[in-house]
Amino acid sequence: MPRGQELIWILLVVAILFGAKRLPDSARSLGRSLRIFKSEMKEMKDDDKKEGDQTDK
């Protein structure tokens, strides 16, 4: 996990690559993507549990 000075460099490079105007939209899009990914992973785990419960009976 990046700390201190590394985080500053990463943020600086991201700001240069995407520009200050597009940065909030990019962060919002990344947040949505992560939320969808996490919900899909949770759904897959729940499906695995249901299948495991059905095979045990």
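The values are calculated or read from the model by the stated rules, or taken from the named source; none is laboratory data. This structure is a prediction, so every number in the text was calculated from the model and none was measured. Cβ sites come from the backbone with ideal geometry, for glycine too, and all protein chains shown count toward neighbours.
For beta carbons closer than 7 Å, sequence separation of 6+ or different chains, a first residue in the range 28-57 that is surrounded by 10 or more Cβ atoms within 10 Å (Cβ to Cβ) and a second that is of a type in the set (Asp, Glu) and at pLDDT 95 or above, there are no qualifying pairs. For the structure I just gave you, tell me whether Lys21 is surrounded by 10 or more Cβ atoms within 10 Å (Cβ to Cβ) and without any contact (Cβ under 8 Å) to a residue 12 or more places away in the chain. It is false that Lys21 is surrounded by 10 or more Cβ atoms within 10 Å (Cβ to Cβ) and without any contact (Cβ under 8 Å) to a residue 12 or more places away in the chain.
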